[in-house]
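Read-outs: derived from the displayed coordinates by stated rules, not from any lab. All values reported here derive from a predicted model rather than from experimental measurement. Positions of Cβ are generated from backbone atoms using ideal geometry, with glycine treated the same way; all protein chains shown enter the neighbour counts.
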Amino acid sequence: MPQAAVHPRQALTFAYLCDVLERAGMLTNEQRRDAVARADVMHARILRLRATGPRKRGATPGADGVHPVEVLTAMGLGQGGDARFPLAERVVMQALAAHVGLPFVDLDPLKIDAKLAPKLLSRPFARRHCALIIEADDHTVTVAVADPLDHTLVEALQTHVRREPRLVVSTPSDIQRLITDFYGFRGAVDAAEKQATEVVDIGNLERYVKLKRVDEIEASDSYVIAAVEYLLHYALDQRASDVHIEPRRDASAVRMRIDGVLHTVHTLPKVVHPAIVSRIKTLARLDIAEKRRPQDGRIKTARGDREVEMRVSTIAVAFGEKLVIRVFDPGALLHNLPDMGMFEGQLQLAERFLARPHGLILVTGPTGSGKTTTLYAALRSIATPEVNVVTIEDPIEIVVDAFNQVAVQPKIGVGFADALRNVLRQDPDVIMIGEVRDKETAEIALQAALTGHMVLATLHTNDSSSAITRLLELDVDPFILASTLVGVIAQRLVRTVCAACRVETFLTGDQMTLLGLDVHELQAQGQNPELMVAFGEGCVQCRSTGLLGRTGVFEVLEVDDKIRKLVIAKSSSKEILKQARHDGLSTLRESAIKKLAKGVTSFDEVLRVTAEG
């Protein structure tokens, strides 16, 4: 291998790594000498920690399982002696890659064929050399390595893979993590496939294959159990909100929704699909024999020091049984109200709503706009031992000890209205209604608010003013609505600019026009018509989208005397909105533009999620 031939060393050492960083100006001479002197002590400390605690996922096996970069980063040194810029693993490996003349690659698991590495290299070999094949063709293989000086690796690759290896450098933790994910999941799937012969394709509309028995693959099979566990861990690691396991004509696709966007992450053999689905259905306490009727269930598992709930849904599609897992991570769902993304004035209004002893508060927005998260945050802010908080949900999103949560059960005739009627006999102080869908539920909610209860409810409308007219369309009494409605919170979720690839720029005149900003009017008012914003160029952390994570955009409408008069007069949503804006309301579009101006989100996201206000 030409790149490695210029370095006649057998393996990367701590001293060599420190020399590379000193030459690159990332370590001072004093730091290098101190680091080399402390290396053995730090090395031994890492080994003791591993012996007494859980093994660090992603640790690099070698002679004793400790990579030199792990020892160096554990020392907490700053680049060139500056503590503000720590010597992180990625920074160190980038410097090493530049020194040996190899590319540095951030490993994105969603862009690597997970079946490739297990097919070409054994797991023990990959572990021992901390090497992962990420690309291959007929003549070459691209191998991510943590030790570019390992000559035995190059020779072994040439012998076993019979293709010319092209080395790239990656962080040892990334390589080892993907070895665990790829080899663990693929190994379990391949083993499960070998144990299966044929499968009865009950849901396939195109063909019917006869098999010896219907229960051809046991759901308790150990390989299937391992595959499902790898899959769930991977979903949590990737911050997936939904996992789709979809049967296709010749295979099964596994897709995950991350920050609102679906990514295909695995392709499963057709014969393994029923076993994977059966295992997940078993965990969710569903009937594994029922494959035609839709089913719903739940799974609870641990994620570090907190519990994670997963909602499981199955439905029969053209080629079999599709299963979707919706992930409810308390860390993502349970926020405090000030952390939701409201501006200061909006937050003060929302807190004023919640401070009222009784009344109706509406939270509105389309599906997936974060309404439940906002409601939970609001309820947590007022839930105390002295307050009886009762929620009516379909289904219960996540269990919170401070609430008394009721699930509607349409199968036995308990809908929102029935549940609300019964909850009112339970001496509630605060009631949360998952969704107001009909006149009966709306009228009971208004009566509850009128008789001394605080009621929070959701509606599926586009903005705050249309939530009021939606209730009027349900033919509720406008006088009761005007006297009980405290305020309306409309919201959307926008993706935030990735901090790792963030770049600042100015909006063009055309872009400002699209946002509804009049450049000439701003100039006439003596304001700067240029608006500095941020966008992401795209990197491995954000999967080349330029966006990572999400935040809320809000429109908070307070029902004052002027709005009440419009409600009693059954005015249109446009008239209500006009009055609210005159009183200082910031529309969803205006709130989104403020976040754009602060560099929180991007121009395209503002256009995507907000209507012009």
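Here are some notes:
- Lone cysteines, the chain (no partner Cβ under 4.7 Å): Cys18, Cys130
- The residues packed around Gly80, meaning those with a beta-carbon under 12 Å from its beta-carbon, carry a net charge of -1 if Lys and Arg are +1 and Asp and Glu are -1.
- Asn422-Arg608 FRET efficiency (beta carbon distance; Förster radius 41 Å; 0.05 resolution): 0.50
- Relative contact order for the chain, counting Cα pairs under 8 Å that sit 6 or more residues apart, in percent: 9 percent
- Over all orientations, region 547-613 has a Cα convex hull whose mean projected area works out to 5.0 square nanometres.
- Order by protection proxy (mean Cβ within 10 Å, highest first), peptides 351-364, 31-44, 573-586: 351-364, 573-586, 31-44
- Residue-averaged [θ]222 nm for the chain, counting only DSSP H segments that reach four residues, each worth -39500 (n - 2.57): -11500 deg cm²/dmol
- Translational diffusion coefficient (Stokes-Einstein; Kirkwood radius from C-alpha pairs) of the chain at 25 °C, 0.890 mPa s, in µm²/s: 87 µm²/s
- Full extension of the segment from Ser544 to Arg123, taken as 0.36 nm per residue of separation minus the current Cα-Cα distance, would add 148.6 nm.
- Computed extension length for Asp138-Arg166: 8.8 nm, one decimal, from 0.36 nm per residue of separation with the Cα-Cα distance subtracted.
- Peptide packing: for 589-597, 406-414, 313-321, 160-168, the average count of neighbouring Cβ atoms within 10 Å per residue gives the ranking 589-597, 313-321, 160-168, 406-414, highest mean first.
- The calculated FRET efficiency for Val41 paired with Asp237, based on their beta-carbon distance and R0 = 35 Å, is about 0.65.
- Region 254-383 - convex hull of alpha carbons, volume per residue in Å³: 165 Å³
- Residues Asp137, Asp242 in ascending order of nearby Cβ atoms (within 10 Å, fewest first): Asp137, Asp242.
- Modelled spin labels at Lys565 and Ala402, positioned 7 Å past Cα toward Cβ, are 3.9 nm from each other.
- Residues Ala251 and Ser572, FRET efficiency given R0 of 56 Å [Cβ-Cβ distance, rounded to 0.05]: 0.60
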